[in-house]
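Below is one structure, written out as structure tokens, with a few remarks after it.
The values are calculated or read from the model by the stated rules, or taken from the named source; none is laboratory data. Small disclaimer: the values here were computed from a predicted structure and weren't measured. We place every Cβ from the backbone using ideal geometry, glycine too, and count neighbours over all the protein chains shown.
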Amino acid sequence: MSLQEEIVEVRGAKIQLYKGGKGSPLLYLHSFMGESGELPFLELLGRQFMLYAPVQPGFSRSEGLERIDKIEDMVFLYVDLIEALGLEQVLLVGSSMGGWIAAELAVHHPRLISKLVLIDALGLDLTKTPIADIFLPAPGELRHLLFHDHSSEVAVGLLPDTLSEEATVSLYQSRRAAARIGWNPYLCDPKLEQRLYRVTIPTLIVWGAEDRVVQTQHGEAYQRGVAGSRLVTVKEAGHLPALEKPADTTRLTTDFLKD
Amino acid sequence: MRFYMFHLMPWPYLPDDFGDKKKYPSAWVTLSNGCYDPEKGNALYNRYLDELEYAEKLGFDGVCLNEHHQNTYGTMPAPNLIAGMLSRRTRELKIAIVGNGLPLRDHPLRVAEEIAMLDVVTNGRMISGFVRGIGCEYHSMGINPTYSQERFYEAHDLIIRAWTEIGPFAFEGKHYRVRYVNVWPRPLQKPHPPIWVPGAGSRETLEWCAHPSRKYPYLAVYTPDHLAKMFFDHYRGAAEKHGYQASPYQMGHLMPTYIADTDSKAEEEAAPYMSWLYNVGLRYGFEYVFPPGYISIPSLRNILKFAHELDWANLSFRTLVDKGYCLVGSADTVRKKLSGFIKDLGFGLVMPLLQIADMPHDRTMRNMELFATKVMDPLREEFKQMNDQWFDAPRY
């Protein structure tokens, strides 16, 4: 199956959206790398669900970054988007920065979500295992940080050592959008952990076993915070298991959501 | 023609293997302050202050100080402190801070207060530069670079109002909100100390400076002469659009300068200093100096076009001299080159940097003396008509 690109207007801002498949509606929120479009992970999900994969403000051609100052602005945006799509409840899957947004959305609006999957989610303020700096590294260094196998095709494709002018602008744009909500406090909401008790929906936490950006301790803290949740790891994957191990990550996600 | 001697107060004592760029990718942000030795620092700060004070004896109009954080390029994170030290040891010298990094401060009223204090103590000798700080500073200070531009403009507006309106009044901005703006002391200069703005050629900033409500001098730093010309032309064009002709005193050019008895001796002696300044002091990666959101996407695209010319860490000494990034030669050569630049580029604020890298004190003093007596004094004579022509324009 292939995903269709469309533009959705959310309170006057044009948001790019990839959409496709059939079944229960599933909303996927991407990482700070802005992965979207024709990706194996998204196509696999699209075979089982009606997939909605929005591009977040400031990434690619999505507008509205100037309205985003804090994580709560992201929560409002996705409440508005879910409404704009005419959906009452969604299966929510978020990776990295998208995982952080998904967790916040679940804390504030648990009734909008039937099941939640957090993949290597940022968002927790753990002083003993701080989140690694994603803003200072050069592209090649960032690749080493993000991927378990940094010489793999997907890793080098996403972040070669030398970037074209277009790719330089695109990476700058992605990090700008992440910095907007995550420069300080650093990619986290210091109050999120104490609010996780509000998440009462079935929750699966998926973690790349070799994640060097946000270590497994963060997955464990999410698991402790959300009653009844389960933590599973993806072997030989770093911060972006959906990109590095799409088959394993889709299987874990789908099994849980279909269950 | 006005002459302001720049001083960076660099930290030249680095590990012997600092040439290894893999081991030391940057002179900013991540270079450990373990490289700093306070004992040596004591001698160095006091020596640098002596050099700044000596500028008054040599007849410079003023000195330029600036703010940079956590690096080896310049150990002056608090230029207002240095200005305070100079304020009572000088009598005529203007003290230009170019400038205070407004978005880096928790509160801009601290800048308004400090500059106003200095202005009153010095009887109006302060020039108050405003900057955003270079990108590295946002990593070092934890300030969100995506708000850098809007914090700068808002802080600027608050400071100008605090200096020019009788308080108390309320200020309600996005980043700064104060119920009672009522800055004591008020600055001595009217309407307020002159504002100078150094920059890297952003069109937005050039046009903002040239606006008739501001007419802030724009300072080109470390640019080859053809880029500085491009910036100044853009400034003059913006002024013309507003129906006025920009004065040369609205444009300044910072140039690292070294003078010796002959051209060949000057080049031989200057090579390690200039190479250190550009290749070591300004060594940092793209992500260091352009943190996310620090510049707009159109500005980024524009900068990527001439990125190779501002890739200071990789420029050879030959390029630095030939393209006009710095001035090196006998006094005669430097005077002629500078005179040519002034004529071609049309700027009236000359800002030589005369202490560079590990240039020792005696050599620095001699460089200053040669510049003052054999370049500055003759150029004042040569460009005498500039003062007459722009008699009514602010001349600082």
Next item on the list: Pull up segment B:299-314, narrow it to residues that are more than 10 Å from every other protein chain (Cβ to nearest Cβ), farther than 17 Å from residue A:171 by Cβ and not acidic (Asp, Glu), then point me to the one that is surrounded by the fewest Cβ atoms within 10 Å (Cβ to Cβ).
Entry: B:308
Next item on the list: May I ask you to list the residues in segment B:34-86 that are in contact (Cβ under 8 Å) with a residue 12 or more places away in the chain, in a helix (DSSP H, G or I) and exposed (fewer than 14 other Cβ atoms within 10 Å of the Cβ)?
Entry: B:40, B:50
Checklist line | Members of segment A:233-259 that are of a type in the set (A, V, I, L, M) and touching a strand residue (DSSP E or B) at 6+ places or on another chain (Cβ under 6 Å) | finding: A:234, A:237, A:242, A:252, A:257
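Could you check segment B:258-288 and list, in sequence order, the residues that are within 14 Å of another protein chain (Cβ to nearest Cβ), surrounded by fewer than 22 Cβ atoms within 10 Å (Cβ to Cβ) and not in a loop (DSSP other than H, G, I, E, B)?
B:286
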Notebook entry, point to check: So, in segment B:371-394, of the ones that are assigned to a loop (DSSP other than H, G, I, E, B) and either of a type outside the set (Phe, Trp, Tyr) or touching a strand residue (DSSP E or B) at 6+ places or on another chain (Cβ under 8 Å) (or both), which residue ends up farthest from residue B:335 (Cα to Cα)?
Noted result: B:392
Checklist line | Counted residues, segment A:1-34 - those being small (Gly, Ala, Ser), assigned to a loop (DSSP other than H, G, I, E, B) and under 28 Å from residue A:73 (Cβ atoms) | finding: 4
Notebook entry, point to check: From the list B:46, B:42, B:123, B:144, which one is polar (S, T, N, Q), more than 18 Å from residue B:7 (Cα to Cα), out of contact with any strand residue (DSSP E or B) (no Cβ under 9 Å at 6 or more places or on another chain) and away from every other protein chain (no Cβ under 14 Å)?
Noted result: B:123
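Pull up segment B:147-162, narrow it to residues that are touching a residue at least 60 places away in the same chain (Cβ under 8 Å) and crowded, with 20+ Cβ neighbours inside 10 Å, then point me to the one that is nearest to the other protein chains (Cβ to nearest Cβ).
Here the answer is B:147.
If I filter segment B:14-33 down to residues being among the small types (Gly, Ala, Ser) and in contact (Cβ under 8 Å) with a residue 40 or more places away in the chain, which single residue comes out as surrounded by the most Cβ atoms within 10 Å (Cβ to Cβ)?
Top of the filtered list is B:27.
Could you tell me which of the residues B:385, B:355 is of a type outside the set (A, V, I, L, M, F, W, C) and in contact with a Ser or Thr (Cβ under 8 Å, 6 or more places away or on another chain)? Spell out the reasoning first.
Details: B:385 fails: in contact with a Ser or Thr (Cβ under 8 Å, 6 or more places away or on another chain).
Among B:385, B:355, only B:355 is of a type outside the set (A, V, I, L, M, F, W, C) and in contact with a Ser or Thr (Cβ under 8 Å, 6 or more places away or on another chain).
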Check: When you scan segment A:82-103, how many residues do you find that are surrounded by fewer than 21 Cβ atoms within 10 Å (Cβ to Cβ) and either within 20 Å of residue A:194 (Cα to Cα) or of a type in the set (A, V, I, L, M, F, W, C) (or both)?
Finding: 3
Check: Within segment A:59-71, can you find the residues that are under 17 Å from residue B:144 (Cα atoms) and surrounded by fewer than 17 Cβ atoms within 10 Å (Cβ to Cβ)?
Finding: A:66, A:67, A:69, A:70
Next item on the list: Could you please tell me which pairs satisfy a Cβ distance under 6 Å, a separation of 6+ or placement on different chains, a first residue in segment A:29-50 that is farther than 14 Å from residue A:117 by Cβ, and a second residue that is among the basic types (Lys, Arg) and modelled with pLDDT under 95?
Entry: A:50/A:22
Notebook entry, point to check: Within segment B:30-81, can you find the residues that are farther than 21 Å from residue B:136 by Cβ and β-branched (Val, Ile, Thr)?
Noted result: B:63
Next item on the list: Could you run through segment A:133-156 and say how many residues are outside any helix (DSSP H, G or I) and either within 14 Å of chain B (Cβ to nearest Cβ) or touching a strand residue (DSSP E or B) at 6+ places or on another chain (Cβ under 8 Å) (or both)?
Entry: 7
Margin query: Which count do you get for residues in segment B:96-124 that are small (Gly, Ala, Ser) and under 27 Å from residue B:253 (Cβ atoms)?
Written below: 4
Checklist line | Those residues of segment A:158-167 which are of a type outside the set (A, V, I, L, M), more than 7 Å from every other protein chain (Cβ to nearest Cβ) and assigned to a helix (DSSP H, G or I), in sequence order | finding: A:166
Next item on the list: Of all residues in segment B:240-257, count the ones that are surrounded by 20 or more Cβ atoms within 10 Å (Cβ to Cβ) and part of a helix (DSSP H, G or I).
Entry: 3
Notebook entry, point to check: If we keep just the residues of segment A:168-203 that are under 14 Å from the mean Cα position of the chain (by Cα) and not in a helix (DSSP H, G or I), which is farthest from the other protein chains (Cβ to nearest Cβ)?
Noted result: A:188
Check: If you scan segment A:25-40, which residues turn out to be touching a helix residue (DSSP H, G or I) at 6+ places or on another chain (Cβ under 8 Å), at pLDDT 95 or above and under 18 Å from residue A:90 (Cβ atoms)?
Finding: A:26, A:27, A:28, A:29, A:30
